[in-house]
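Worksheet: the structure to be examined is printed underneath.
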Amino acid sequence: VSIALVNYFAAPYLVKLLYGPSFLPSVLVLQLLGFSLPLLFLSGLLGYALVAYGKERLFVLGLVIALLPDFLVNMAVIPKWGVNGAILGFWSREICLFGILVIFYWIVQRRNVSAGKGIPEPEAGIIT
């Protein structure tokens, strides 16, 4: 969260310093995308947790399902809003992906607890 806040406040200065004043209109895009960092981190964490449980297919299924709202929103709003519409599509995908991965992780955890498995043991060959 702190990286997202630093990005928000530093974006105007960084863009001007690195790319010059002609790129200042891109500051809003950078700021809006920067707020996605915590959500991206949590989605990645849930995805890797599913992989650790041997449920790679659920992770990929979540990624594929999350493309649908991204595609639909992009088709609807990019012609009208341009890059701001693309940001809306990106956010719709990330929010959807996070929700799907939370549900998948909850299902896997619930099945493992009811089967008495608990936390998975490391795979063979992995140094602990």
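Highest GNM mean-square fluctuation among G89, G54, G20, for the chain modelled with Cα contacts below 10 Å: G20. Relative to the longest principal Cα axis of the chain, at what angle does helix 56-81 sit, 0 to 90 degrees, rounded to 10? On a 0 to 90 degree scale, this one is about 20. Here the accessible area is traced with a 1.4 Å probe on the protein chains. For segment 41-82, carbon and sulfur cover 77 percent of it.
Taking the Kirkwood radius as Rh and the Cα radius of gyration as Rg, segment 1-107 has a ratio of Rg/Rh equal to 1.07.
Counting alpha carbon pairs within less than 8 Å and at least 6 residues apart, what relative contact order, in whole percent, applies to the chain? Relative contact order here is 23 percent.
The values are calculated or read from the model by the stated rules, or taken from the named source; none is laboratory data. Remember, it's a predicted structure, so these values are computed and weren't measured experimentally. Please note that ligands, DNA and RNA were not included when accessible areas were found on the heavy atoms of the full protein model with its side chains. Shrake-Rupley method; radii C 1.70, N 1.55, O 1.52, S 1.80 Å.
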